Each structure stands twice: as C-alpha cells, then as structure tokens.
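The values are calculated or read from the model by the stated rules, or taken from the named source; none is laboratory data. From a predicted model like this one, the values you see are computed outputs, not experimental measurements. Methodologically, a virtual Cβ is constructed for each residue, glycine included, from the backbone with ideal geometry; neighbour enumeration extends over all protein chains shown. Note: areas computed on protein heavy atoms with side chains; ligands, DNA, RNA excluded. Shrake-Rupley method; radii C 1.70, N 1.55, O 1.52, S 1.80 Å.
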Amino acid sequence: SAVISQKPSRDICQRGTSLTIQCQVDSQVTMMFWYRQQPGQSLTLIATANQGSEATYESGFVIDKFPISRPNLTFSTLTVSNMSPEDSSIYLCSVGDSYNTGELFFGEGSRLTVL
Amino acid sequence: QQQVKQSPQSLIVQKGGISIINCAYENTAFDYFPWYQQFPGKGPALLIAIRPDVSEKKEGRFTISFNKSAKQFSLHIMDSQPGDSATYFCAASNSGYSTLTFGKGTMLLVSP
C-alpha cells in the first residue's frame, strides 16, 4: 500500500487566482495521477504525472489550466490556474500499487471552493 | 473516456439488509473491474475487484457478480451495517490503473 498526503486539505479561493496542491507519497512511484471529483459526480482523470517528463493530459484538460510538476519519485504538484466557480471541486492525487495489479491508492483530497 | 454507467445514484437500506449496486460498461476490452468505497472527507479506497475470467468474487460480506455477456457487474453487500454508509464507485480498465474509468457513484445509507 501507499500513504499519500495532500496539502491543502481545503481552501476557499477568489475567482481569477491560482492555487497549487501538493502531493507527497511515502514510497517511490513511477506514475502519479491527478483526479477531479466534482460534487455528485464521478472521478475524472486530469493527467498522469511521470517523473522526468511532461505530464500527459486527458481530453478536456490542458497544461495552461492545470500545470503539473513532478520533480522526483515521491512528490507532485497540481496548480489550478485562473480559477472560476466551475473549478470548485475535490482534487485527488493517486498512485498505483508497485505490482501493477490495477489498484489505485488515493490521498484524502483537496477540496477547493472558488467564490 | 469509455463510459461506465452506475445505478442507483443513492440507496437506503435497513441494517441487516442487502445492498445492491449495479454497473454496466460498453468497452469489451475492459479486463479489470474494481469497486471503491469512499467515506466523507476521505479518498476512495479499493474494496474488492474482479477480472472477467470468473463470474463471482466474495470477500466477507462483499460480493461482486460479473456477467460478461451482458457487460454488467454488481456489488452486493450482505448484512449491511451503518458503518457501510459511504459512496461506492464502480470502475473499469483495460490496461491497468492508468486508464481506470469510474462510474458516477452510489451514496449508500444504512439505517440503524
């Protein structure tokens, strides 16, 4: 298993500002994933963060809006840029298990409210 | 992303009853079907998972039933307890966790 710590756990932000979410894992992992969970909605994959290369974004998500850093094998950040109320959501960091069984481990999430 | 349809959206079950949540998928290439459980304020956690080579998998009070021909799978919670009250997500993938597609979730409330 993996222990994932996210910061901040929640925040209230003003429209037009940007916020960076940090994700720390207790072990080295190749891939880290960022998900968005909108109220009453499913978990949607934003991007896959690989150490040493550019993040891979899913359809509908762009680097200018959600820049990602992956400086080492245990840490990643997701920035939500130029926020609008539509960005109010829970953002989740996750990693796969080391044996590639398919299991994902999730952090507790960062709940953002944009006013 | 390929769609995974989950129902019902919410479910109320009496303590001791059976909770049943259903999911349907479209992509026949999916080969991994997990269920995740999420408590308020927490991230989702894997509850139980199945691969299409079996039709049923049981772990304690939790059972996945899988119907490959119908492209459906369901979660059964036997003897439901108030501590089972949570949101449950089904998911599916065809190449490991990097392409996991989630259903919209079912909010389960088990009344005492």
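Quick notes on this one:
- Cut-off under 5 Å, modelled amide H: who pairs with B:VAL13 long-range: B:LEU109, B:VAL110, B:SER111
- Within the accessible surface of chain A, defined with a 1.4 Å probe on protein heavy atoms only, the carbon and sulfur portion equals 48 percent.
- About the centre of its Cα atoms, chain A shows a dipole size close to 280 debye [charges on the beta carbon of Lys, Arg (+1) and Asp, Glu (-1) only; nearest 20 debye].
- Interface B:A - total buried accessible surface [probe 1.4 Å, Å², rounded to 100]: 1700 Å²
- Averaged per residue, the range B:22-100 has 43 square angstrom of accessible surface, using a 1.4 angstrom probe with ligands and nucleic acids left out.
- Using a probe of 1.4 angstrom and keeping all protein chains present, the accessible surface of the range A:1-112 works out to 48 square angstrom per residue.
- The HN-Hα couplings worked out from phi for the range B:47-54 by the Karplus form 6.51 cos²θ - 1.76 cosθ + 1.60 (θ = phi - 60°) are 9, 6, 9, 9, 10, x, 7, 10 Hz, whole numbers, x standing for Gly and Pro.
- Contact order, relative form, for chain A: 37 percent (alpha carbon pairs under 8 Å, 6 or more residues apart, mean separation divided by residue count).
- Solvent-accessible area, 1.4 Å probe, carbon plus sulfur percent, for the range B:16-63: 52 percent
- Inter-probe distance in nm under a simple model that places probes 7 Å from Cα toward Cβ, at A:ILE12 and A:ASN82: 2.6 nm
- At a Cβ-Cβ separation cutoff of 4.7 angstrom, cysteine residues of the protein assembly as shown with no neighbouring cysteine are A:CYS13.
- Rounded to whole Hz, the Karplus (6.51, -1.76, 1.60) HN-Hα couplings of the range B:60-67, x for glycine and proline: x, 8, 9, 9, 9, 10, 10, 10
- Each residue of the range A:73-78 is assigned a 3J(HN,Hα), and the resulting list reads 7, 10, 9, 8, 10, 10 Hz, derived from the Karplus form 6.51 cos²θ - 1.76 cosθ + 1.60 (θ = phi - 60°), x at Gly and Pro.
- Approximate spin-label separation A:ILE63-B:VAL54, in nm, with each point projected 7 Å along Cα-to-Cβ: 4.3 nm
- Dipole moment magnitude, nearest 20 debye, the range B:19-69 about Cα centre, only Lys, Arg, Asp, Glu C-beta charged: 200 debye
- Cα-centre dipole for the protein assembly as shown with unit charges at Cβ (Lys and Arg positive, Asp and Glu negative), debye to 20: 360 debye
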